[in-house]
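The values are calculated or read from the model by the stated rules, or taken from the named source; none is laboratory data. Please read all numbers here as calculations on a predicted model, not as lab measurements. All Cβ positions, even for glycine, are placed from backbone atoms using ideal geometry, and neighbour counts span all protein chains on display.
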Number of protein chains: 2
Amino acid sequence: MPVRPTPAMGFIENRKPMKAVVLLSGGMDSATVLAYAKNEGYDVLAVSFNYGQRHEIELAAGSALAYQAGVKRLVIPLKLGAIWKSALIGPENGKLSIPNYQDTHIHEGDIPATYVPDRNIIFLSIACAIAESIDAEVVFGGMNALDYSGYPDCRPEFIQAFNKMLRRGSKAGIEGKLRVEAPLIDMTKKEIVELALKLGVPLELTWSCYRGGQKACGKCDSCALRLKGFREAGAVDPLEYEVRE
Amino acid sequence: MPVRPTPAMGFIENRKPMKAVVLLSGGMDSATVLAYAKNEGYDVLAVSFNYGQRHEIELAAGSALAYQAGVKRLVIPLKLGAIWKSALIGPENGKLSIPNYQDTHIHEGDIPATYVPDRNIIFLSIACAIAESIDAEVVFGGMNALDYSGYPDCRPEFIQAFNKMLRRGSKAGIEGKLRVEAPLIDMTKKEIVELALKLGVPLELTWSCYRGGQKACGKCDSCALRLKGFREAGAVDPLEYEVRE
């Protein structure tokens, strides 16, 4: 049976390792994807966005994670300011506040106020431009569609449609040299925590809370789903929380 | 026969006109699309990008065009610097120079050095985020796939795939409230010049040349295709050129 070549095998054959771009927000999911890509043998460039997020503190987490992983990282400024309508963007959008998890998911399928229009479309597009420019073959993102907030740009059908669009609209895509992968897309938060622990992700360096205070709030979507994952995995989240529910 | 409602009819019915976002580079094509969108009755917000283009002078053209048309305009800074590999981005990419038209299209289907990886994917994504945030129903772009440089992100199959991706990955897309339109996509440069003249586009304010000098060079892809359009339309381009070939 022929063996499928993997990037790691490149080392044996004395070839350069394949390159990948990893979207690194600084949260648990993207930190896990960073570790996953490195573990697959990719030469990784991490990309973070400074887009006016209230939890700008995640950028410091991204910085620490990239340093710890020994990978280079670009921080792209993308300031649409108050015009980008989302509770996650502040302080310009001061009137929209971050809802608690229990207030958000009353009706199944509702998209919460923390939805940032077209965020992952933009982030993936820019990451693809960088990947295409440095001859990277894959852009990894931490999107997942189970135990998530219901954002449309985190679903498998979106990733699939994005890849198809990339195969029509970019040189590297047309030539079959670039694709987007979301390795966590079908995983529960429990499984993501388990994978993170297995890969030795420094979870104490990550930041997930949307509120971006001194401690994680424990109540927003992002905290609630993360804590659920740790609870179900029988593990303890090393972060400090205002409340652990 | 039922009459299809148009945005212009909104005025008659005393409704607010529908909103549109127009990608306005400052070139002839986007200036024509701006006039088209206004003529269709849309309340237009123009969006331009300062992305390190050598021909940054096009931003001044965009400014003049928006002022003349009486529409608001956002200029989004998007600096990926030297990492965005293209002859069109400088001076960081100093080693890549703008080729002349006759050197570019020797082999049919070649994508020239002025291709900017994923540029229209990024521009459309950000324009869609703005459109979704202000409840605009359409993003207009000036892409066209006849008499063009062969960029993959200017072809109808790309626009189609982008719209499909938008219907998967964004709230407005899923709800059928936002789409991308490229009204010039199947038009020759001759037809674009004719439409521009018909709509009264102030062509003397536009800027197309990739080289961004004091006068248009007349030799790059963008100049050559524009001059061809005027020639075939039997009209005279009001811009000053170094050479008119």
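Below, the figures for the structure above:
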{"read-out": "Residues satisfying the stated conditions in region B:156-172, i.e. over 20 Å from the mean Cα position of the chain (by Cα) and within 12 Å of B:SER125 (Cα to Cα)", "value": "B:MET165, B:GLY169, B:SER170"}
{"read-out": "From B:ALA136, B:ALA127, B:ALA87, B:ALA131, residue being of a type in the set (A, V, I, L, M) and touching a Pro at 6+ places or on another chain (Cβ under 8 Å)", "value": "B:ALA87"}
{"read-out": "Count of region A:45-87 residues which are part of a loop (DSSP other than H, G, I, E, B) and out of contact with any strand residue (DSSP E or B) (no Cβ under 6 Å at 6 or more places or on another chain)", "value": "12"}
{"read-out": "Residue count for region B:61-89, restricted to those that are at pLDDT below 95 and within 22 Å of B:GLU242 (Cα to Cα)", "value": "3"}
{"read-out": "Unique match (being at pLDDT 95 or above and surrounded by fewer than 22 Cβ atoms within 10 Å (Cβ to Cβ)) among B:GLU157, B:GLU92, B:GLU132", "value": "B:GLU157"}
{"read-out": "Output for region B:204-232, where each listed residue is aliphatic (A, V, I, L, M) and more than 15 Å from B:GLN102 (Cβ to Cβ)", "value": "B:LEU205, B:ALA216"}
{"read-out": "Helices (runs of 4 or more DSSP H) fully within region A:88-176 counting 1 or more residues that are within 11 Å of chain B (Cβ to nearest Cβ) and not aromatic (Phe, Trp, Tyr)", "value": "A:119-133, A:156-169, A:171-174"}
{"read-out": "The lone exception for A:ARG54 - which of (1) of a type in the set (D, E, K, R); (2) closer than 24 Å to A:ASP221 by Cα; (3) more than 17 Å from the chain's Cα centre (by Cα) it fails", "value": "(3)"}
